Each structure stands twice: as C-alpha cells, then as structure tokens.
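Right, one structure below, let's go through it.
The values are calculated or read from the model by the stated rules, or taken from the named source; none is laboratory data. Bear in mind the structure is a predicted one, so any value in this text is a computation, not a measurement. Note: ideal-geometry Cβ built from the backbone for every residue, glycine included; neighbour counts use all protein chains shown.
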Amino acid sequence: MQGTNINQQPQSTSHTSTSRSSDSAGEPNGPDGKWASKLLRECAGAISEKDSTKIHHLLWMLNELASPYGDCDQKLASYFLQALFCKATESGQRCFKTLTSVAEKSHSFDCARKLILKFQEVSPWTTFGHVASNGAILEALEGESKLHIIDISNTFCTQWPTLLEALATRNDETPHLKLTVVVTISVVRSVTMKEIAQRMKKFARLMGVPFEFNVISGLNRLEELTKEGLGVQEDEAVAVNCIGALRRVEVEERGAMIRMLQSLQPRVVTVVEEEADFSSTRNEFVKCFEECFRFYTLYFEMLEESFVPTSNEKLMLERECSRSIVRVLACDDHDQNGTSTGLGDCERRERGSQWSERLKEVFSPVGFSEDVVDDVKSLLKRYRAGWSLVLQPQAASGDHDSGIYLTWKEDPVIWASAWKP
C-alpha cells in the first residue's frame, strides 16, 4: 500500500467524524494526538457494529495514509489496516497462510540468525528472559552430573552458548548436558535444526562440555508433546525452559500442558512471556483490538528508538508482526463446529498474573536470587536508557505476581518466572 503525505487530508463524507481535525474534547485525534490510533479504533468499532458504509470509508482513509516505510503512525496504520481488512472481509485465514508461506520461502537460517543476534544487540527484549532463565536453571541444577534441559521455544538456541560457558567454568567437574529442543512444524524447518545442531555441538566441544543434542520435531501443535516422547531418564536432573512457548498452546489445553510438564518432575521450569492479554478478550473484538494495538504500539516505538532509521532488520521485525496481528484480530482458532482451523500455533498471549494463576495450580514459584537479579540489571546497563527491571509489581488484588518484569519506559513488556513442583 502506498502512503501519501499525512498532512494531505482526504475528503471526508458527512456520515462519519473521521476527519483529522480536533475531536469533541478539543484535542487532535483523541487524547494521544495520534491519527492512526483514532482511525484504527473507529474502524474496529465499525467492524464490531457491522457498519459497512463506515468500514469502507475508514479503510479507504487508512489506505491513503498508511505506509510500512513511514513513521511509527504510518507503520501501525499499515499493519493494522491489513488485519482490519481481513476481519471485515473474513479473509484472515487465507491471508495468514499466505504471509506464513512468503516468510518461510524468504527467510534462510542464516538470515534469521543474523536478525535475532542484531535484535539482541540493540534491545533486551529477548536477552532479558535468557539471562533470567539461565540463572535459575544453573542454580537449580548446581552440583548435578547429568543435566537434561528441555527447551520449548523458538529462539534458535541463541540462549544456550552463555549457559555452556557457565558450565565450562564451574569449579567442580563439568557435568554432561543433554539438550532436547522441541519444535513445531510452523516454527522452524528441519534443515534449520540440522545447522543449529552442528553449531551447538561445535561450541560445546570448544567449551569442553560433554554434550548431547536432540530434536523433537514433526509436531503440528505443542499439545501433541508427551512425557514418553521426551526420553527423560531417571538419573537426569531435568529443567524445562519455556520462552514464548505456552502462548502457542490452545487456551483450553494450557492446564493439561502444564500438568504434563509437572509429570516430568523437573527441578525447575522457567517461563517467559510477553506481557499482553489476547486471551480473555478473544470474543470481544474491540477490547481485543485495543489490547493488541496497545502492545504493538509499544513494540513498534521500541524498535523505532533501538534501530537506526534505515535498518533492514527493523523492517523485517516489523513485517514479522503483520502475521501476528492478522492472527490475533482476523483468525479464529476454531470454526463454528468447534473444529480447529489448522493454522498451527495460536497467538493468545496472557499476562504474567494470568500465567501465575495457571502455574500455581501445580507448581510453586521460585524467586530469582539476588545474583540472578544482579545479572539481569547488568545486562540492561548495556542498552539505551528506557529499560528497567521491576520485581513483582503489585496486582490489583493486592497479591504479588510471581516473577520479574522487563519494562520499556515504565510499561511492562516481558515477564520472566521460575517454578518448581
């Protein structure tokens, strides 16, 4: 979609109040003064109300103003316009499959790896969870000679080199580490895992750590994972690492998935999730849109300040969001008969407080030690101003959530936690 100069105002029609002039409160385009949020919110409301005339007018206005190459407002308008159009035309599933297919064909392993490493260089969005989880795992497995880490994530194993280094420098005898990586078809291709396995084994040899690398692949959904399939041995000290993984489990199956993890009798389970709620609002389109827009506005603004303006990596990360936004706003996980739509992993994120309630049914929270917290704080000092660590912010109920939060300009964006049976 080609964007126009945002100062060029398209002609408005009399049946709607979407002009970019001041609203009834006397502020331009709503309280935040940003035109994209105003138009997108009005469009989401029109879709909810099935007001076809208003929908067409607002989609036209957004199409005139949006651009994936413009400023933050234009980019948000572009990607949310795509999702709103899919919702209005009931074409979300087809669009999502097309976007996924294009991404799979255009992203080589080397390209994806470089993108992840560059993102980790400029932002703690992923490294925050890596450092917190590695610290909790190392402490829980200290003194054990046979370690088995079950990694349920899509981080391309970028988390593990620092853990291997830590094992190599331990004062006692270096333990044997078995790493089992669980991947679903929609996350990563088998050829990619072969390259990752080669790199990990080579690095483990360099560090002098006895190492075994296993892959559980071919799963359509994480819910298909079983205790038997993971090959856990009785003499192994087990840790389960879930980074951005549980949100890919169907909402109704999350309790069963957590109980399956408990059956592994792990010493520790680490859980890292993005701080957003796309679950409780799934059947209320406007509320779901509001939460989705809030979250991705934070994310896009963070990218805008973390990368240089002409960064290709930033553009790639923004484009990756387009699939998630379409998945959240325009795709149903099940059809009217309750049958899965077959889109693969869902995008129903939940907040740390919601995950805590689920996990507390079978696990007890493990507080991060002062050493781990200090490591995370040291990590954040390597990045630009705006990032902070918050310890267990108080929930509305007065209870304390489990875990720690990464905040961007005081807004919680990532939740990290550790649990034991």
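Annotation note: Cβ proximity below 7 Å between a residue of the stretch 192-220 that is farther than 22 Å from GLU165 by Cβ and a residue that is in a helix (DSSP H, G or I) and hydroxyl-bearing (Ser, Thr, Tyr) (sequence gap 6+ or interchain) occurs for SER217/SER190. Right, HIS57: at pLDDT 90 or above and over 23 Å from TYR296 (Cβ atoms) or not? So HIS57 passes the test. Does ALA237 qualify as being of a type in the set (A, V, I, L, M) and touching a residue at least 60 places away in the same chain (Cβ under 8 Å)? It is true that ALA237 is of a type in the set (A, V, I, L, M) and touching a residue at least 60 places away in the same chain (Cβ under 8 Å).
Within the stretch 357-372, the set of residues being out of contact with any strand residue (DSSP E or B) (no Cβ under 7 Å at 6 or more places or on another chain) and part of a helix (DSSP H, G or I) comprises GLU357, ARG358, GLU370, ASP371, VAL372. Taking helices (runs of 4 or more DSSP H) as the structural unit, those lying wholly within the stretch 67-137 and holding at least 1 residues that are within 20 Å of SER306 (Cβ to Cβ) correspond to 72-89, 109-122. Within the set CYS86, CYS72, the sole residue that is surrounded by fewer than 18 Cβ atoms within 10 Å (Cβ to Cβ), of a type outside the set (Phe, Trp, Tyr), touching a helix residue (DSSP H, G or I) at 6+ places or on another chain (Cβ under 6 Å) and assigned by TED's automatic domain parsing to the domain that holds GLU318 turns out to be CYS72. Counting only strands (runs of 3 or more DSSP E) that sit completely within the stretch 171-266, those holding 3 or more residues that are in contact with a strand residue (DSSP E or B) (Cβ under 7 Å, 6 or more places away or on another chain) and surrounded by 20 or more Cβ atoms within 10 Å (Cβ to Cβ) correspond to 176-184, 237-243. Per the listing GLU273, GLU234, the residue uniquely among the acidic types (Asp, Glu) and out of contact with any helix residue (DSSP H, G or I) (no Cβ under 9 Å at 6 or more places or on another chain) is GLU234. For VAL131, the conditions (1) touching a helix residue (DSSP H, G or I) at 6+ places or on another chain (Cβ under 8 Å); (2) free of Cβ contacts under 8 Å to residues at least 12 places away in the same chain are fulfilled apart from (2).
Taking (1) touching a residue at least 40 places away in the same chain (Cβ under 8 Å); (2) on the phi > 0 side of the Ramachandran plot in turn, GLY143 satisfies each apart from (1). Looking across GLU142, GLU173, GLU165, one residue alone is in the same structural domain as VAL240 (by TED's automatic domain parsing) and at pLDDT 95 or above. It is GLU165. The residues of the stretch 294-310 that are modelled with pLDDT of 90 or more and either over 20 Å from ARG382 (Cα atoms) or buried (at least 18 other Cβ atoms within 10 Å of the Cβ) (or both), listed by number, are ARG294, PHE295, TYR296, THR297, LEU298, TYR299, PHE300, MET302, LEU303, SER306, PHE307. Given the conditions (1) of a type in the set (A, V, I, L, M, F, W, C); (2) modelled with pLDDT under 95; (3) outside the structural domain of GLU313 (by TED's automatic domain parsing), which single one is not true for TRP160? Only one criterion is unmet by TRP160, namely (2).
Entry remark, the stretch 47-61: residues being crowded, with 18+ Cβ neighbours inside 10 Å and farther than 17 Å from PHE285 by Cβ number 2 in total.
Within the stretch 267-286, the only residue that satisfies the criterion of being surrounded by 16 or more Cβ atoms within 10 Å (Cβ to Cβ) and without any contact (Cβ under 8 Å) to a residue 60 or more places away in the chain is THR281.
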